[in-house]
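A.B. asks: Quick one: structure below, then a few questions.
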Amino acid sequence: MAVSLEDLSVAEIQQLLKKKQGRVAQLQKRRAKLLEEIKNIDAEIIELSGESQGTRFSNEFTNLGVACHVLGKYKKGLTLAELADAILKTGHRSTSNNFNNTIYQAIHNSNLIKRDEKTKKYMLKK
């Protein structure tokens with residue numbers, strides 16, 4: 001029989017919330033372990049077969065998002081090559097053969113990033 005929240009005391013609601021939050025933490029730990037196991041299996045498959053299985057990388061941010069994050073640290077801006085290198089140094093991964101072009105496509109029409117024609121550097125708009 002379902003119990004209405006209106007029938008519960010604040011302490012009981014807090015206890016239920018704490019229980020749910022604990023379960024979420026357990027699931028997040030389990031998820032992290034499973035992702036690590038999948039990563040290890042993928043690496044072993046690649047090592048044994050010598051080829052990728054077409055796995056796409058899962059980055060935390062989009063190319064534009066990580067570009068904005070990086071440019072936020074460089075007030076004077078970065079050239080396209082410098083920006084692409086700085087993005088890769090953050091751990092952002094790509095299978096692109098021409099990562100500079102990939103980043104250019106992501107930032108070219110962005111309302112968040114501008115290019116200084118004099119210095120040829122990209123920077124965040126103010």
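The values are calculated or read from the model by the stated rules, or taken from the named source; none is laboratory data. Just so it is clear, the structure is predicted and the values come from calculations on it, not from any experiment. Here the Cβ positions follow ideal geometry from the backbone for every residue, glycine too, while neighbour counts run over all protein chains shown.
A.B. asks: For Thr95, state whether it is of a type in the set (Val, Ile, Thr) and assigned to a loop (DSSP other than H, G, I, E, B). Before the answer, list the steps.
C.D. replies: Working: of a type in the set (Val, Ile, Thr): yes; assigned to a loop (DSSP other than H, G, I, E, B): yes.
Criteria met by Thr95.
A.B. asks: Looking at the range 100-113, which of its residues are within 20 Å of Lys126 (Cβ to Cβ) and surrounded by fewer than 17 Cβ atoms within 10 Å (Cβ to Cβ)?
C.D. replies: Selection gives His108, Asn109, Ser110, Asn111, Leu112.
A.B. asks: Condition (residue is modelled with pLDDT under 85, within 22 Å of Ser96 (Cβ to Cβ) and surrounded by 10 or more Cβ atoms within 10 Å (Cβ to Cβ)) applied to the range 18-40: is it met by at least one residue?
C.D. replies: Our first condition is that a residue be modelled with pLDDT under 85; within the range 18-40, this holds for none.
No, the range 18-40 has no match at all.
A.B. asks: Return the only residue of Leu48, Leu83, Leu64 being part of a helix (DSSP H, G or I) and within 15 Å of the chain's Cα centre (by Cα).
C.D. replies: Details: Leu48 fails: within 15 Å of the chain's Cα centre (by Cα); Leu83 fails: within 15 Å of the chain's Cα centre (by Cα).
Step by step, each of Leu48, Leu83, Leu64 is checked, and only Leu64 is part of a helix (DSSP H, G or I) and within 15 Å of the chain's Cα centre (by Cα).
A.B. asks: Identify, please: which residue in the range 54-84 is at pLDDT below 90 and hydrophobic (A, V, I, L, M, F, W, C) and is, among those, surrounded by the fewest Cβ atoms within 10 Å (Cβ to Cβ)?
C.D. replies: Kept after step one, since they are at pLDDT below 90, are these residues of the range 54-84: 54-61.
Next, only the ones that are hydrophobic (A, V, I, L, M, F, W, C) stay: 57, 61.
Numbers: Phe57: 8, Phe61: 14.
Filtering first and then ranking leaves Phe57.
A.B. asks: Restricting to the range 67-126, name every residue that is in contact with a strand residue (DSSP E or B) (Cβ under 9 Å, 6 or more places away or on another chain) and of a type in the set (S, T, N, Q).
C.D. replies: Thr79
A.B. asks: Quick one: in the range 85-99, of everything that is touching a residue at least 12 places away in the same chain (Cβ under 8 Å) and more than 17 Å from Thr119 (Cβ to Cβ), which residue is surrounded by the most Cβ atoms within 10 Å (Cβ to Cβ)? Walk me through how you get there before you give the answer.
C.D. replies: Here is the first cut: in the range 85-99, the ones touching a residue at least 12 places away in the same chain (Cβ under 8 Å) are 86-87, 90, 92-95, 99.
Those left that are additionally more than 17 Å from Thr119 (Cβ to Cβ): 87, 90, 92-95, 99.
Values: Ile87: 25, Thr90: 13, His92: 22, Arg93: 12, Ser94: 16, Thr95: 11, Phe99: 17.
If we take residues in the range 85-99 being touching a residue at least 12 places away in the same chain (Cβ under 8 Å) and more than 17 Å from Thr119 (Cβ to Cβ), then Ile87 is surrounded by the most Cβ atoms within 10 Å (Cβ to Cβ).
A.B. asks: Evaluate the range 13-28: report whether one residue or more is within 30 Å of Tyr122 (Cα to Cα), of a type outside the set (Asp, Glu) and assigned to a helix (DSSP H, G or I).
C.D. replies: Within the range 13-28, the first condition is being within 30 Å of Tyr122 (Cα to Cα), and the residues that meet it are none.
No: zero hits.
A.B. asks: A further question on this structure: Among the residues of the range 100-126, write down those that are touching a residue at least 40 places away in the same chain (Cβ under 8 Å), part of a loop (DSSP other than H, G, I, E, B) and more than 18 Å from Phe61 (Cβ to Cβ).
C.D. replies: Thr119, Lys120, listed by residue number.
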